[in-house]
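The values are calculated or read from the model by the stated rules, or taken from the named source; none is laboratory data. Only a predicted model underlies this, so the values are computations on that prediction, with no experimental measurement involved. Cβ placement follows ideal geometry from the backbone for every residue including glycine, while neighbour counts extend to all protein chains displayed.
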Amino acid sequence: KDWSVGIICPIFKKGSRDDCQNYRGITLLNVAYKILSTIILRRLATYTEGLLGDYQCGFRYGRSTIDQIFVLRQVMEKCYEYNTDLHFLFVDYKQAFDSVNREKLVECLKKSSIPNKLVRLIGLTLKNASSRVRVGNQFGETFGIGTGVRQGDGLSATLFNVVLHEAVKDAIKSKTVIDRTWQVCAFADDIGIVARSANALREACEIILTKGAEVGLQVNERKTKYMVMSPRENRRNSGPLKVRIGG
């Protein structure tokens, strides 16, 4: 039972200490559980590395934000060279790691040809997950957590990547935006969609956001940004990008 309980420790960031919004909670998990979680992660990684494409550089060995920065710079330079407009959409999800539908997560693992024994073990790590808040030497009451991957668990990042892959796989193109109409880049839950036209960007975005909603991911409209890069100085403003989610 202790393995399923996480201890949330509020860490003060800045501002007034009387405002709860100025604290960030970090979750501490049982050490014995974290050893088991690390073993599961190592076994899971042998399957997920072949599943995830080059578009995802978050929480993967030998990859970093530098890879995605390099890709975007190369695309921008080539499009500028050929006098081509580029449309960008940077997608942000609301509490992405906390909103994943766990039933959909298990379905994604099964569809990814991961052994049933491993899927069952992962399901057990999420079953009856709960937390309690600790402030100083005082503990609050235990409360259940029914959605999302576990905070403080090294396994969570890889599990999230598997779920996100389900959302973006239909929008992934085998070539770059130079050869095709759009391209997807991701670092964990931060997604960048690059396209040569607003219509192509809208099509890719609708696929990703609709599929994402099916696994519990909801877009944060306030933090999702649309940008156009054009080599033409007199280019007219294309206005906001309107996207329809779920048909």
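Summary table
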{"quantity": "Residues (loosely packed, with under 15 Cβ neighbours inside 10 Å and free of Cβ contacts under 8 Å to residues at least 24 places away in the same chain) located in region 101-114", "calculated": "GLU103, LYS110"}
{"quantity": "Failed item in (1) closer than 30 Å to GLU77 by Cα; (2) buried (at least 21 other Cβ atoms within 10 Å of the Cβ), with PHE160 passing the rest", "calculated": "(1)"}
{"quantity": "Hits in region 2-43 (condition: part of a loop (DSSP other than H, G, I, E, B) and free of Cβ contacts under 8 Å to residues at least 24 places away in the same chain)", "calculated": "LYS13, LYS14, GLY15, SER16, ARG17, ASP18, ASP19"}
{"quantity": "Residue match in region 45-52 (condition: modelled with pLDDT of 90 or more, over 30 Å from ALA200 (Cα atoms), surrounded by fewer than 14 Cβ atoms within 10 Å (Cβ to Cβ) and over 21 Å from the mean Cα position of the chain (by Cα))", "calculated": "no"}
